[in-house]
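Structure first, commentary second.
Every read-out reported here was derived from the displayed coordinates using simple, explicitly stated rules and does not represent laboratory data. These numbers come from a predicted model, not from an experiment. So basically every Cβ, Gly included, is an ideal-geometry build from the backbone, and we count neighbours across all protein chains shown.
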Amino acid sequence: MSLKMQILSIAFAALGSVPVFAQQEVDGVVTGGAIRPLFVAAPDFISESEDATGVAREIGEVFHADLLSTGLFFMIPNEKLTPTLGAFEENVKFNQWQDISTELLIKGSVDRESDGTIEVKFRIYDVLAEKEIGEGVKLRGPVREWRRMAHKIADAVYTNITGEGAYFDSRIVYIAQDKNNEQRQRIAIMDSDGANVRYLTSGDARVLSPRFASNNRDVIYTALQNGEPRVMLIDVSNGIQKPLASLTGFSYAPRISPDGQFALASSVNDAGNSDIIRMDLESGESTTLISNGAINSAPSISPDGQKFVFESNLSGKQQLYVAPSTGGDAVRISSGEGRYITPAWSPEGDLIAFSKIIDDQYHIGIMNADGSQERLLTTAYVDEAPAWAPNGRAIVFYRKAANANDAPKLFSISLSGRNMMAIETPEYARDPSWSGLLQ
Amino acid sequence: MKKTVIFAILILAACGPRNVIPPTNQIPTTPIQTSNITATPIILFAEDSADLTSSAKSQLVSAASLLSKTAQSIRIIGHADAEGSREYNLGLGAQRAAAVRDILVANGVANTRISISTVGNENPAQNCESAACKAQNRRVVIIAG
């Protein structure tokens, strides 16, 4: 059985590219409910200048790994790629690629100029239909951006074949826990594939739950300053951090709204309970949205900014509730057994990811935004803190596999529950947050 | 599930202007006393609860009696085990600290001398598996100094 998949147009404005893929349809392969990966030939990009060979190979390695990580593509090994490629503009001899069972061909070139600029061009071909998919793409930028260009190639292929949004050219921020001193925890940032790790805080203070603002530049998080929880903001471009001045008292679990206008956080009141408060980021004014004598925490704001989901132990154990972000009654949406924690509203607004604790096991799950159709994707000793990929098709979370002393590590999983992948980091890792697509 | 409530009281020596009880591997079952005494209880809680048991309350009444005779500032820090999320546990630690504060105030300790804080599960007494061991992390530490 075959499945028609729609191809959408894409644009690469940030790197001075030539965008535009036309809308087309290709045949994907779905058999018995299981997706068979497409067979992809992606020979080394042609070097159009002598010193471009190295970066061409590196670009190939990165976008190959991106595509493999989806579980949707099988990259035909280089030694099997016997057909003659020819120059970039030369016509593809489809019959030669068909002979080695190629379904998708990615053909590209790299030119490196004397000023350090590289220009990457590529085209995608449906080998069986013997036609090009779209009109090809040109990326141009400083050579130091080669990894981003590789991710954009993977995004273009993924987007064309699946019809889903891009997500490889993005970043993940997380808590890096020192392998030799677990008390030392720093906020770290890396590319979506785990490359280019750098640390944003020194490790002097314990830090929790960093979250990207929608500008992909600011990260809001909780720090234990002098043993007390405070909401902090850090600019990842320069490392400058500051407390969120409008908050007084103990505050934690902050999130910034998608439009960047306000933030929500938990604030400990005089009675020791945790309220959800809203702060206007321009005026600094704050108002209490949820105050009910319980622990209300982990707010996650819907993409339209109108509502938020949060966890509360109002009923005696943690459950998920949804409330208007301008104030109003909260409605409980979780109804199953166990405790529901760390909700995250999806970028499309239709789903909520969460962790669930039941019978001493943790699960990552998803449900509709109204709480219906709950589905558990994982099980482990600890699976916690889900965060969405920018296209809403994958979730990153951290896991302790078997016991409390296991090292926390990051994993990603597709919404289908298939294709769980470890994201390797130099230190132990927890509390991930995925940025939006980079511009 | 682990529902055992464990309770202990320590009487530690005041060794300076501020006495901080470090994470302990074993909670003594008998009070420690020196010539310079400050009441510094560690109160333990049931899982996912900030409720004080009746015996815990009576122990805190005794502690309040000692603390009300001094002018020391009192800091109450709430802790949690690692069950639940790190953020939730900050809230749970705050509730536990507030519960202990309220008993002390009700028994004569001036509210103005007391500050509460929470570190959630960020500073466990133990990294361990057993229910009895995890229970030691569900605690409130009182620092007088």
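Charges only on Cβ, +1 for Lys and Arg, -1 for Asp and Glu: so what's the dipole of segment A:171-434 about the Cα centre, in debye to the nearest 20? Kindly include the intermediate steps, with their values, before the conclusion.
Values: 24 positive and 30 negative charges, 91 e Å.
Computed about the Cα centre, the dipole is about 440 debye.
Potential lengthening of the chain between A:ALA87 and A:ASP178 amounts to 27.9 nm, from the contour at 0.36 nm per residue minus the alpha-carbon distance. Between A:ASP235 and A:GLU135, the contour length at 0.36 nm per residue exceeds the alpha carbon distance by 32.2 nm. With both labels modelled 7 Å from their Cα along Cα-to-Cβ, the A:ARG144 to A:ASN226 distance reads 3.8 nm. Highest mobility in the GNM of chain A, judged by mean-square fluctuation with C-alpha springs under 10 Å and restricted to A:TYR321, A:TYR381, A:TYR167, is found for A:TYR381.
Taking amide hydrogens as placed 1.01 Å from N in the peptide plane, the amide H of A:ALA213 sits under 5 Å from those of A:ASP218, A:VAL219, A:ILE220, each at least 5 positions away in sequence or on another chain. The distance between label points at B:SER65 and A:GLU424 comes to 6.4 nm (points 7 Å beyond Cα on the Cα→Cβ vector).
Can you give the average number of partner chain beta-carbon atoms within 10 Å of each beta-carbon in peptide B:91-104, as a whole number?
Working: counts 19, 5, 5, 12, 9, 1, 2, 6, 2, 1, 1, 2, 0, 0.
Mean partner-chain Cβ count within 10 Å for B:91-104: 5.
Partners of A:LYS131 within straight-line reach, counting lysines whose Cα lies under 18 Å from its Cα and excluding those fewer than 8 residues away in the same chain: A:LYS4, A:LYS93, A:LYS107, A:LYS121.
Between A:ASP115 and A:THR379, full extension at 0.36 nm per residue minus the direct alpha carbon distance yields a gain of 89.9 nm.
Any idea what the dipole of the protein assembly as shown comes to, in debye rounded to 20, about its Cα centre with Lys/Arg Cβ at +1 and Asp/Glu Cβ at -1?
Roughly 2380 debye, rounded to the nearest 20.
Phi-derived couplings, Karplus 6.51 cos²θ - 1.76 cosθ + 1.60 at θ = phi - 60°, listed residue by residue for segment B:44-51: 9, 10, 6, 4, 6, 9, 10, 7 Hz, with x used for Gly and Pro.
Applied to segment A:74-81, the Karplus parametrisation 6.51 cos²θ - 1.76 cosθ + 1.60 on θ = phi - 60° returns per-residue 3J(HN,Hα) values of 10, 8, 5, x, 3, 5, 8, 7 Hz, with x for Gly and Pro.
Here A:MET279, A:MET420, A:MET149 are placed in order of increasing Cβ neighbour count within 10 Å, fewest first, which gives A:MET420, A:MET279, A:MET149.
Among A:VAL173, A:THR159, A:GLY227, pick out the residue whose Cα is farthest towards the positive end of the charge dipole of the protein assembly as shown, where Lys and Arg carry +1 and Asp and Glu carry -1 on C-beta, about the Cα centre. Of the options given, the answer is A:GLY227. Against chain A, whose longest principal axis comes from its Cα atoms, helix A:53-69 is set at around 60 degrees. Here's the list of lysines a cross-link from B:LYS57 could span, going by alpha-carbon distance under 25 Å and ignoring same-chain residues fewer than 8 apart: A:LYS317, B:LYS2, B:LYS3, B:LYS69, B:LYS134. Straight-distance candidates among the aspartates and glutamates for linking to A:LYS80, with alpha-carbon spacing under 18 Å and chain neighbours fewer than 8 residues away dropped: A:ASP44, A:GLU61, A:ASP99, A:GLU103. In terms of other Cβ atoms within 10 Å, A:GLU282, B:GLU122 run from fewest to most in the order A:GLU282, B:GLU122. In a simple Cβ point-charge model (Lys, Arg +1; Asp, Glu -1; nothing else charged), segment A:264-335 has a dipole of about 340 debye relative to its Cα centre.
Around the amide H of A:GLN225, modelled in the peptide plane, lie the amide H atoms of A:ARG230, all under 5 Å away and 5 or more residues distant in sequence or on another chain.
Reducing segment A:320-361 and segment A:35-104 to their Cα centroids gives an inter-centroid distance of 43 Å. Using a simple spin-label model with pseudo-atoms 7 Å out from Cα toward Cβ, A:ASP51 and A:ASP360 lie 6.2 nm apart.
By the count of neighbouring beta-carbon atoms within 10 Å, fewest first, B:GLU83, B:GLU129 end up ordered B:GLU129, B:GLU83. Beyond 48 Å, the tail of the calculated P(r) for the protein assembly as shown holds 22 percent of the Cα pairs.
The 3J(HN,Hα) values that the Karplus relation (6.51, -1.76, 1.60; θ = phi - 60°) gives for segment A:199-205 are, in residue order, 9, 9, 10, 7, x, 5, 10 Hz. Gly and Pro appear as x. Compactness ratio for segment A:113-227: Cα radius of gyration over 2.2 N^0.38 Å (N = residue count) comes to 1.45.
Using the alpha-carbon atoms, what tilt in degrees (0 to 90, nearest 10) does helix A:146-162 show relative to the longest principal axis of chain A? Helix A:146-162 sits roughly 90 degrees off the main axis of chain A. Please give the FRET efficiency for B:ASN127 paired with B:ASP51, using the beta carbon to beta carbon distance and R0 = 25 Å, rounded to the nearest 0.05. Rounded to the nearest 0.05, the efficiency is 0.45.
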